[in-house]
Amino acid sequence: MISRLLPIDKFVPQAVVDSVQSIDLKALKESGVKALIFDVDNTLIPYDDRSVKPWHTTLFESLKALELQTIMLTNNHHKDVSNFAEKLATPIIMAANKPLKTGYKKALKALQLAPSEVIMVGDQFMTDLYGASRVGMATILVRPIRRKSEKWYTKILRRLERRMKSKVGRQYPALKKAFDEIHDV
Ligand SMILES: [Mg+2]
């Protein structure tokens with residue numbers, strides 16, 4: 001099984017949160033974080049509603065006020081996703097092929113920052129967390145916004161994710177609790 005071959009330390013998030021809105025941006029800023037890289041699908045918007053909500057605007061305004069840079073990193077290549085980023089005046093790297101390192105490196109280059117200064121925010125272990133950890137970036141795992149509309153390939157990754165999650169949970173009891181309570185996918 002592929003999950004046996006994957007290193008467990010690449011799947012350990014720094015925090016597990018209910019939604020992007022629950023991230024303590026001030027605390028991140030104080031800890032030295034200079035930028036956030038956001039996954040898009042099911043982290044910022046669900047597949048079945050691509051509109052910008054007031055909370056998105058508030059969030060990106062708060063980030064700006066704190067002088068935290070932002071960029072979106074997605075495997076998606078559709079126009080609705082680039083439109084979403086554009087409406088929030090945030091740069092986006094599309095068709096990023098997460099968990100390959102290429103997209104993350106591109107993002108770091110665009111931000112002109114080192115991996116230790118950036119945090120990846122996403123809803124998936126196998127793409128968001130694994131890819132970010134491979135380039136030495138810390139991660140925040142969020143509960144997926146709406147799972148019902150997930151694509152078939154995401155459903156396959158979720159199966160693998162469940163195996164990795166239970167491995168990580170066995171080693172880190174506090175994370176097991178957070179996975180059970182928040183990221184019960
Ligand atoms: Mg996602």
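The values are calculated or read from the model by the stated rules, or taken from the named source; none is laboratory data. Quick caveat, the model's predicted, so the values are computed rather than measured. Note: ideal-geometry Cβ built from the backbone for every residue, glycine included; neighbour counts use all protein chains shown.
What do you reckon, is Tyr104 touching a Gly at 6+ places or on another chain (Cβ under 6 Å) and either of a type in the set (S, T, N, Q) or part of a helix (DSSP H, G or I) (or both)?
yes
From the list Pro115, Pro173, pick out the single residue that is without any contact (Cβ under 8 Å) to a residue 24 or more places away in the chain and within 17 Å of Leu36 (Cβ to Cβ).
None of the others qualify; the one that does is Pro115.
Out of the residues in segment 29-40 that are buried (at least 19 other Cβ atoms within 10 Å of the Cβ) and more than 10 Å from the ligand (Cβ to nearest atom), state the one that is farthest from Gly122 (Cα to Cα).
Across segment 29-40, the extreme among qualifying residues is Val33.
In segment 122-134, how many are buried (at least 24 other Cβ atoms within 10 Å of the Cβ) and either farther than 12 Å from Thr74 by Cβ or away from the ligand (no atom under 15 Å from the Cβ) (or both)?
3
Looking only at residues that are within 14 Å of the ligand (Cβ to nearest atom) and hydrophobic (A, V, I, L, M, F, W, C) in segment 41-55, which one is nearest to the chain's Cα centre (by Cα)?
So the residue we want is Leu44.
Are there any pairs with C-beta distances below 7 angstrom linking a residue in segment 120-147 that is assigned to a helix (DSSP H, G or I) to a residue that is within 10 Å of the ligand (Cβ to nearest atom) and modelled with pLDDT of 95 or more, with the two at least 6 apart or on different chains, and if so which?
Taking only residues 6 or more apart or on different chains, the pairs are Thr127/Asn75; Thr127/Lys98; Asp128/Asp39; Asp128/Lys98; Asp128/Gly122; Leu129/Gly122; Gly131/Lys98.
Is segment 1-12 home to any residue that is without any contact (Cβ under 8 Å) to a residue 40 or more places away in the chain, part of a helix (DSSP H, G or I) and not polar (S, T, N, Q)?
Yes, segment 1-12 has at least one match.
Any residue in segment 44-60 that is more than 18 Å from His77 (Cβ to Cβ) sitting within a Cβ distance under 7 Å of a residue that is of a type in the set (S, T, N, Q) and part of a helix (DSSP H, G or I)? List the pairs, counting only those 6 or more apart or interchain.
Trp55/Gln21; Leu59/Gln21
Checking Glu86 against (1) under 27 Å from Glu30 (Cα atoms); (2) assigned to a helix (DSSP H, G or I), which test does it fail?
Exception for Glu86: condition (1).
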